[in-house]
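Presented below is the structure to which this report refers.
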Amino acid sequence: MADCIFCKIVAGEIPSEIVFKDDRVTAFRDIHPVAPTHILIVPNKHIASINELQPEDEGLMGYLFTVERKLAEQEGIAQSGFRSIINTGPDSGQEVHHLHLHLIGGQRMRHPMG
Ligand code: DGP
């Protein structure tokens, strides 16, 4: 997608601190971290949000979480715990319309549901 900032990061056209990359996904540090570890894991192919997922994306979505587990171990937060967030649409506050999994950890967080 020509105007997608995360497609440009995947393509290496915009600099970012990439922590993992292969033929299916790219993971890089969030530009505005909310915790000591804040990594975004994105599919290399453009998918705007969960609303646009197709049946053939099932394996890819599972793989995003496999990469997240490895990165949590790499960051040393697998045992202390971490939060996984995927925002979808206006009410969630989704700002970038390229599906991304937030891996957030390294500090104690308040429960998000009140
Ligand atoms: P969301 O609200 O779920 O769409 O989160 C978008 C996240 O993307 C937000 O935490 C900030 C991050 N972000 C936006 N632009 C850039 C960028 O150019 N580089 C990096 N590394 N992160 C970005």
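Listed values, structure above:
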{"quantity": "Candidate set: region 30-43, residues that are without any contact (Cβ under 8 Å) to a residue 60 or more places away in the chain and surrounded by 14 or more Cβ atoms within 10 Å (Cβ to Cβ); chosen: the one nearest to the chain's Cα centre (by Cα)", "calculated": "VAL42"}
{"quantity": "Selected residue (criterion: farthest from THR26 (Cα to Cα)) from residues of region 81-114 that are in contact with a Gly (Cβ under 7 Å, 6 or more places away or on another chain) and part of a loop (DSSP other than H, G, I, E, B)", "calculated": "GLY81"}
{"quantity": "Residue that is nearest to the ligand (Cβ to nearest atom) [pool: residues in region 1-43 that are part of a loop (DSSP other than H, G, I, E, B) and in contact with a helix residue (DSSP H, G or I) (Cβ under 7 Å, 6 or more places away or on another chain)]", "calculated": "SER16"}
{"quantity": "Tally of residues being touching a residue at least 40 places away in the same chain (Cβ under 8 Å) and either among the basic types (Lys, Arg) or at negative phi (or both) across region 84-104", "calculated": "10"}
{"quantity": "Extreme residue, nearest to the ligand (Cβ to nearest atom), among residues of region 44-63 that are under 12 Å from the mean Cα position of the chain (by Cα) and over 20 Å from ASP3 (Cα atoms)", "calculated": "MET61"}
{"quantity": "Flag for SER80 being without any contact (Cβ under 8 Å) to a residue 40 or more places away in the chain, among the polar types (S, T, N, Q) and within 13 Å of the ligand (Cβ to nearest atom)", "calculated": "no"}
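The numbers here are math on the coordinates, done by the rules we state, and not lab data. This structure is a prediction, so every number in the text was calculated from the model and none was measured. Here Cβ is always computed from backbone atoms with ideal geometry, including for glycine, and neighbour counts include all displayed protein chains.
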